[in-house]
Amino acid sequence: MTQIKTDILVLGSGIAGLTFAIKTAKQLPDRQIMVLTKTNEGESNTRYAQGGVAAVWNVEKDNFDKHIADTLDAGDGLCKEDIVRIVVEEGPERVREIIEWGARFDKEKELDVYDLAREGGHSENRILHFKDFTGWEIQRTLMEEAMKFDNIKVLEHYFALDFITQHHLGRMVIRVTPNIECYGCYALNKQNNSIETILSRVTICCTGGGGQVYKSTTNPIIATGDGVAMAYRAKGRVENMEFMQFHPTALYNPAGENPSFLVSEAVRGHGAILKNEVGEAFMQEYDPRLSLAPRDIVARAIDAEMKKRGTDCMYLDCRHLDHDDFLAHFPTIYDKCLEMGVNPMKSMIPVVPACHYMCGGILVDAVGRSSIHRLYAAGESSSTGLHGANRLASNSLLEALVFAHRISDDVFKHIGAWTIEDRIPDWNAEGTTDPQEMVLITQGIKELKEIMSYYVGIVRSNLRLKRALDRLYLLYQETEELYRTSTISPQLMELRNLITIAYLITRSATHRRESRGLHFTTDYPGQLEFKEFSIL
Ligand code: FAD
Ligand code: SIN
C-alpha cells in the first residue's frame, strides 16, 4: 500500500482550505502542502455562496461595534465575544487580500465604491458580493492563486477516511486521553480504489458542513460532515451541533431537488417581501424586522405559517422591484425561477426553509487548534464560537478567511517542532469484500434523512428526539456491521459520517433543555439563564 509524506496536509479545497494553503505556501516556501479534495477542486459549499461576505466597509455609516452587536444578537447569547471581535475586526483586511488576489465584488453604478448589500439581522449594508454568485468568484480566485505556488499540490478525488492518531500505534485513546496527536489521515484514492496512508507534521481540517443529513438542503452532495465525524471518531471535541441553520428561502420544487436551489437572503435585502399564498405579508406577527429578521426567526415563522395554513410553501414577492435592477443583481436566481416556470417580476416565488449551515463543529480555540494536537480546523467544519446559537448571514465566508490566516500564522510558529511519525501501519482491510447490495447503503441514507427531517427539524420535542435516537441507533448498528465486512466506498463512508453527524445533532439537542437560537423545542419553549455550550 502507498505511504505519502507531506509537511502540511489540508483536507478540503473550499474557501478555508485554499486560503490556508495559499497563505502558508507564501510563509513557508520550503514546506510541501498537500490539499486533498473528495471530488474536483472547484466543488464545495463555497462555490454556491450567493449573498456574499459581510465586512465593515463603509466606515462613514458602519463600524465594528455594530457588526459585533448584530452577530451577538443573532447568536442568541451563545457567541464567544472575544472571537466575534477578532473576526469582525480582522475581517476587512482579509477581504482586501482576496481582492488583491483577483476577487471581484460589484461596485455601485459608475462609482468606484462597493455596492454593499443588506441581509437578515444586519443593521447596515455590509455585504460585499459579486451578483448572486459570489462563492464561485471566490472559489475561482483561490484556485487560480493556489496554482501559482509550486509547493501546493492538490489531489482531487481523494476521500479522507480517518485521522491517524496514537490509536493506530496500538495505544488506547479515549475522549479524555490527554495529548492525543494527529499524524495525518488514511484516504481512499478514488481513481484506483486504493487506501493510502498520508503522513504529515500537521493536518488542517477544512471539510465543510453536513447539510446532507436532511432531506431538503441547499448544500451540495459533498456536504456530509466527514471531517467532524472523523474528528469525533478520533476522540476530538465537538460542540454546538444542535444548531443546524435552516435557510428560510430555498426555492420550492414540488418534484424535489437535491440540493435545493437557494433564493438568497439578499433578495429580501433588496426589498422582496415574504407573503402567504393569498399575497398577505405575515412577518409583522413574528418580528419588527419583518422579512429581514435573523434566519432562525424567519424560518420558524414560515414553518408555522405553512402548518397553520396547510400549504407546502410560502412566497417571496418581488413584483414591485425594478426589473433591470433585479436582473443585474440576481441573474442566476432569475434564470432558475424562469426555468421553473416562475417569472419573479410577474408571480411570487414559492419558497420553503431548507437546511443550510452547520453552526457547530470541531471545537477550536482562537488560532484554530482542535483538542487533538497537530489537528486544526477552519471553516464550516469548525466551531470557533463566532456563530453561537445562530449564524448571522454572510459571516461564514468571513470566518473562514480570518481563521485560515490565524492558523497559517500559528503553523508557521510551531512547524519546526513537529516531526513525521512513520511507524503507522497500512489500512487494515482484512475480512472485507465488495458489498453485494448497494441498496443497503442508498436506503440507509434515505432513512437517515427521513428521521432527521421528521424528528430533528426546525421544531423539536423530547418525544421526537427520543424516537430519532432510537432509530439512529438501529441504523448505526446495521451500518457498522456493513462497514466491518465491506470494501470501503465513498458512499459507505458518507453514510457512516452522516449517522455520526445525525447522532451529534440529536444528542446535543436532547441535552439542551431550553429553546435558543436555532434549537426550538415545544417541551422547553423558554430560555435558561445559565448559558451552556454543548460539548461532546
Ligand atoms: P466547503 O467550501 O464546503 O469545502 C469543503 C471541502 O472539503 C470541499 O472541497 C470538499 O470536497 C472537501 N471534503 C469534504 N469531505 C472530504 C473528505 N472526506 N475528503 C476529502 N475532501 C473532503 N456563507 C456566507 O458567508 N455567505 C453566503 O453568501 C453564503 N451563501 C451560501 C449559499 C449556499 C447555497 C450554501 C450551501 C452556503 C452558503 N454559505 C454562505 C455558507 C458558506 O458557503 C460555507 O459555510 C463555506 O463556503 C464553507 O467553506 P469551507 O471551506 O469550510 O467548506
Ligand atoms: C444567502 O445568500 O442568503 C446565503 C447567505 C449565507 O448563508 O450567509
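Averaging the Cα positions of each part gives two centres, and for the stretch 339-404 and the stretch 129-192 these lie 18 Å apart.
Within the full protein context, the accessible area of Glu90 is estimated at about 50 Å² for a probe radius of 1.4 Å.
Across the cross-link table entries Lys38/Lys153; Lys26/Lys413; Lys38/Lys413; Lys80/Lys413, which are compared at the Cα atoms, the separations over 19 Å belong to Lys38/Lys413; Lys80/Lys413.
A simple rule links phi to the HN-Hα coupling: the Karplus curve 6.51 cos²θ - 1.76 cosθ + 1.60 with θ = phi - 60°, which for the stretch 447-462 gives 4, 4, 5, 5, 4, 5, 6, 7, 10, 10, x, 5, 10, 10, 8, 4 Hz, with x for Gly and Pro.
Of the chymotrypsin sites (Phe, Trp or Tyr not before Pro) found in the stretch 441-527, no site is in coil according to DSSP while having at most 12 other Cβ atoms within 10 Å of its Cβ. In this label model, Asp434 and Trp101 are separated by 4.1 nm, measuring between points 7 Å along each Cα→Cβ vector. Close amide H pairs (under 5 Å, H built 1.01 Å from N) link Ala377 with Cys205, Ser370, residues at least 5 positions away or on another chain. A DSSP coil position with no more than 12 other Cβ atoms inside 10 Å describes the following GluC sites (Glu not before Pro) in the stretch 275-366: Glu280.
Equivalent-ellipsoid semi-axes (√(5λ), Cα gyration tensor) for the stretch 400-441, whole Å, largest first?
Working: eigenvalues 311, 89, 3 Å².
Result for the stretch 400-441: semi-axes of 39, 21, 4 Å.
Inter-label distance, Ser347 to Arg309: 1.6 nm, where each label sits 7 Å from its Cα along the C-beta direction. Per residue of the stretch 100-111, in order, report the coupling 6.51 cos²θ - 1.76 cosθ + 1.60 (Karplus, θ = phi - 60°) as ³J(HN,Hα) in whole Hz, putting x for Gly and Pro. Along the stretch 100-111, the couplings run 4, 7, x, 6, 9, 10, 4, 10, 5, 3, 6, 10 Hz. In terms of accessible area, using a 1.4 Å probe and ignoring ligands and nucleic acids, Ile333, Ile273 rank largest first as Ile273, Ile333. Taking max minus min of the alpha-carbon positions on each principal axis, the stretch 40-156 gives extents of 41, 40, 22 Å, largest first.
Amide H contacts of Gln32: Asp7, Ile8, each under 5 Å away and 5 or more positions distant or on a separate chain (H built 1.01 Å from N in the peptide plane; Pro and chain starts excluded). So if we plug the beta-carbon distance of Asp422 and Asn125 into 1/(1 + (r/R0)^6) with R0 = 45 Å, what FRET efficiency do we get, rounded to 0.05? After rounding, the FRET efficiency stands at 0.25. Modelled spin-label separation between Asp523 and Asn58, with each label point placed 7 Å from Cα along the Cα-to-Cβ direction: 4.7 nm. Computed from backbone phi, the HN-Hα couplings of the stretch 257-262 come to 7, 10, x, 6, 7, 8 Hz, rounded to whole numbers (Karplus: 6.51 cos²θ - 1.76 cosθ + 1.60, θ = phi - 60°; Gly and Pro given as x). Full extension of the chain between Glu93 and Lys531 yields a length gain of 154.5 nm, computed as 0.36 nm times the residue separation minus the alpha carbon distance. Taking amide H as placed 1.01 Å from N in the peptide plane, Asp162 has its amide H under 5 Å from the amide H of Tyr186, each at least 5 places away in sequence or on another chain. Using the Cβ-Cβ distance between Ala328 and Met172 with R0 set to 51 Å, the FRET efficiency from 1/(1 + (r/R0)^6) comes to roughly 0.25. Work out the charge dipole of the chain with +1 on the Cβ of Lys and Arg and -1 on the Cβ of Asp and Glu about the Cα centre, then indicate which of Ala509, Gly279, Ile222 is farthest towards its positive end. Farthest towards the positive end: Ala509.
The calculated FRET efficiency for Glu339 paired with Asn179, based on their beta-carbon distance and R0 = 60 Å, is about 0.65.
Think of it as helices only: each DSSP H run of n ≥ 4 in the chain is worth -39500 (n - 2.57), and spread over all residues that comes to -11000 deg cm²/dmol at 222 nm. Here are some pairs, Lys131/Lys215; Lys131/Lys275; Lys107/Lys190; Lys23/Lys235; Lys148/Lys215; Lys275/Lys531; which of them have Cα atoms lying more than 31 Å apart in this structure? Cα-Cα > 31 Å for Lys107/Lys190; Lys148/Lys215; Lys275/Lys531; rest within. When the trypsin sites (Lys or Arg not before Pro) in the stretch 207-295 are filtered for DSSP coil states and for at most 12 other beta-carbon atoms within 10 Å of their beta-carbon, no site remains. PRE reach from His157 (point 7 Å along Cα→Cβ): which of the stretch 171-203 fall under 17 Å by backbone N? 187-196, by backbone N distance to the label point.
Most simply put, the chain has about 55% antiparallel DSSP beta bridges, counting only bridges with both residues inside it. Here the stretch 381-510 exposes an accessible surface that is 52 percent carbon and sulfur, computed with a 1.4 Å probe and the other protein chains kept in place. Think of each Lys and Arg Cβ as +1 and each Asp and Glu Cβ as -1; about the Cα centre, that makes the dipole of the chain roughly 1140 debye.
The values are calculated or read from the model by the stated rules, or taken from the named source; none is laboratory data. This one's a predicted model, so the numbers in the text were calculated from it and none came from an experiment. Methodologically, a virtual Cβ is constructed for each residue, glycine included, from the backbone with ideal geometry; neighbour enumeration extends over all protein chains shown. These area figures cover heavy atoms from the full protein model, side chains too; ligands, DNA and RNA do not enter into them. Shrake-Rupley method; radii C 1.70, N 1.55, O 1.52, S 1.80 Å.
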